[in-house]
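Note sheet for the following structure.
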Amino acid sequence: MSVTNSRKKHCCHVKGNPCEDHCILQHSNRICVIALADAHPVLQKGKAIERISYQISANCSRLQNKVSGKSKRGAQFLTELAPLCRIFCSDGEEYTIYSCIRGRLMEVNESLLNSPSLLQQKPFTDGYIAVVLPKFEESKSITRGLLTRNEYEEVLSKRFNPTS
């Protein structure tokens, strides 16, 4: 799946580690694409990515997610703090990427397994991490809970220039 620029961008300040921001691109049909936000250390510091792993635990792999039919049977249900994948960098740093939203996991970007550099080269298109479909009744509240692009830039401004 390729993400188009016509999607509304909503970035979130991730609940786990400070400065490890994620970006949610929400389409008008409720589908949300999870990507790294501009200020994530993997993008900011140009870290060399060794690999991406969708293996969350011994018993849970996001690669095992198999969705079928109109009702999206078989999709893994995610909470806001559900890990989607782990990014392993050559400097030994490891980053866990979280869903940030509640919903069903529609797909993960398996292209990242063979080409992890897509995360840095095309973070909002071919380098997306996963696609999540929130429940219909929750989709509006999810949008309200995220930062707009302007609000996110304000957070970044305060983070990088704490005196202003």
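The values are calculated or read from the model by the stated rules, or taken from the named source; none is laboratory data. Source: prediction; values computed, not measured. To get the accessible areas, we keep the full protein, side chains included, count just its heavy atoms, and leave off ligands, DNA and RNA. Shrake-Rupley method; radii C 1.70, N 1.55, O 1.52, S 1.80 Å.
When you restrict to C-alpha pairs under 8 Å that are six or more residues apart and normalise by the size of the range 46-123, the relative contact order lands at 34 percent. Heavy-atom surface analysis with a 1.4 Å probe gives the chain a carbon and sulfur content of 48 percent of its accessible area.
Bridging of Lys72 to aspartates and glutamates at a Cα separation below 12 Å is possible for Glu107, once same-chain residues fewer than 8 apart are set aside.
Here is how the number arises for the chain: DSSP H runs of 4 or more residues each give -39500 (n - 2.57), the sum is divided by the residue count, and the result at 222 nm is -4000 deg cm²/dmol. Across the range 11-164, C-alpha contacts under 8 Å between residues 6 or more apart give a mean separation that, scaled by the residue count, equals a relative contact order of 24 percent. Ignoring aspartates and glutamates fewer than eight residues from Lys158 along the same chain, the ones with Cα atoms less than 18 angstrom from its Cα are Glu20, Asp21, Asp38.
Counting every pair of alpha carbons in the range 60-120, the share spaced more than 19 Å apart comes to 37 percent.
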